[in-house]
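K.L.:
This is the structure I have questions about; it appears just below.
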Amino acid sequence: MSGKTLRTDVDEGVFAITLTRAAEYNTITPELRDELAAAIDAGDANPDAHVILLRAEGPAFCAGYGLDWSTRAQATERSDRARSRVWDSVADLRMMSRFVATYMKLWYAAKPTIAAVQGWCVGGGTDLVLCADLIVAGEGAKFGYPPSRVWGTPTTAMWVYRMGLERAKRYMLTGDEIPARKAAEIGLILEAVPDAELASHSLALAKRMACVPTTQLVMLKLLCNQTAENMGLASSRTLGTLFDGIARHTQEGLDFVTRAGEVGFRQAVRERDDPFGDYGSRKREENES
């Protein structure tokens, strides 16, 4: 199976989904959302597959939502609202829930899901990847949720369930960048391995898991995941998705979109990150040195 944003293949019990928008840092678009949903469903239904492995080409696993189309879409929405009615929170929730439903397919797929992460995995990229059952990252990978500084909240709300209350607060309340080794240390991901070994290591783990009968894998995954479900994951996710829409329509959120329209979203992101010295701000400093 091959599409505009990804390709799939199956070998030795592993159904591999590879994101292929390397030049765009595999940013999330409606097209990627729909193709990924179909691919996960195909892997879950494939009788030759025991495990689903999600990976990506290029320097980044997923740099979040494509801010070019998403800020433009909100700017258009704001213009339309000025002529007609106020922001529709229910319509926004419905729209974002379509993205969330795709990410959660990694969680609700009957078969285990593993993500292999290189480079940036931030913002909406974490909403996606934290739904996988296991995450292996290259040592050069970086995680984080910079939209917590302005213009978003984590829609899938997996942070507390993965690394506990206080650590989740530590990174949610600052949006700080998390290097892969630190992410493994605090329990956000399973492990960090040398970048050169990421592909072979993650595939070997998936193949090792695929040696277990599918029936056993399905039961054991459900047994583990049900603990988080019993803790209230579904209600946390609903709140996270709703709050994401609200955060994009606070005064600060609207100002961010306006600024992005004036100077471009890359510059707007840099200005957001300048007080923290990471993400877009750090990239500018490195380029200027």
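The values are calculated or read from the model by the stated rules, or taken from the named source; none is laboratory data. These figures come from a predicted structure and were not determined experimentally. Using ideal geometry, Cβ is built from the backbone for each residue, glycine included, and neighbour counts are taken over all protein chains shown. Only protein heavy atoms, including side chains, enter the accessible area calculation; ligands, DNA and RNA are left aside. Shrake-Rupley method; radii C 1.70, N 1.55, O 1.52, S 1.80 Å.
K.L.:
Could you list all residues from the stretch 155-168 that are touching a residue at least 24 places away in the same chain (Cβ under 8 Å) and either farther than 19 Å from residue 190 by Cβ or over 10 Å from the mean Cα position of the chain (by Cα) (or both)?
P.N.:
Matches in the stretch 155-168: 155, 157, 158, 159, 160, 161, 162, 163.
K.L.:
Here is a list of conditions, (1) more than 26 Å from residue 256 (Cβ to Cβ); (2) of a type outside the set (Phe, Trp, Tyr); (3) in contact (Cβ under 8 Å) with a residue 40 or more places away in the chain, and residue 57 meets all of them except one; can you say which number that is?
P.N.:
(3)
K.L.:
If you don't mind, another one. For the stretch 31-74, give me the residue count where each residue is in a helix (DSSP H, G or I), modelled with pLDDT of 95 or more and surrounded by fewer than 21 Cβ atoms within 10 Å (Cβ to Cβ).
P.N.:
Looking only at that region, the number is 9.
K.L.:
Which of the residues spanning the stretch 226-273 are surrounded by 15 or more Cβ atoms within 10 Å (Cβ to Cβ) and free of Cβ contacts under 8 Å to residues at least 12 places away in the same chain?
P.N.:
Matches in the stretch 226-273: 238 only.
K.L.:
Now, a different point. Go through (1) part of a helix (DSSP H, G or I); (2) loosely packed, with under 15 Cβ neighbours inside 10 Å; (3) under 18 Å from the mean Cα position of the chain (by Cα); (4) of a type in the set (Gly, Ala, Ser) for residue 196 and report which single condition fails.
P.N.:
It is condition (3) that residue 196 fails.
K.L.:
Next up: Assess whether residue 134 counts as being open to solvent by 10 Å² or more (accessible area, probe 1.4 Å) and modelled with pLDDT of 95 or more.
P.N.:
Considered against the rule, which asks whether it is open to solvent by 10 Å² or more (accessible area, probe 1.4 Å) and modelled with pLDDT of 95 or more, residue 134 comes out as yes.
K.L.:
What residue, of 181, 149, 162, is surrounded by fewer than 22 Cβ atoms within 10 Å (Cβ to Cβ) and in contact with a Leu (Cβ under 9 Å, 6 or more places away or on another chain)?
P.N.:
The match here is 162.
K.L.:
Provide a single number: the residues in the stretch 78-108 that are modelled with pLDDT under 65, not in a loop (DSSP other than H, G, I, E, B) and not hydrophobic (A, V, I, L, M, F, W, C).
P.N.:
Number satisfying all stated conditions: 5.
K.L.:
Tell me, which residue of the stretch 1-30 that is assigned to a helix (DSSP H, G or I) and hydrophobic (A, V, I, L, M, F, W, C) is surrounded by the most Cβ atoms within 10 Å (Cβ to Cβ)?
P.N.:
The selected residue is 22.
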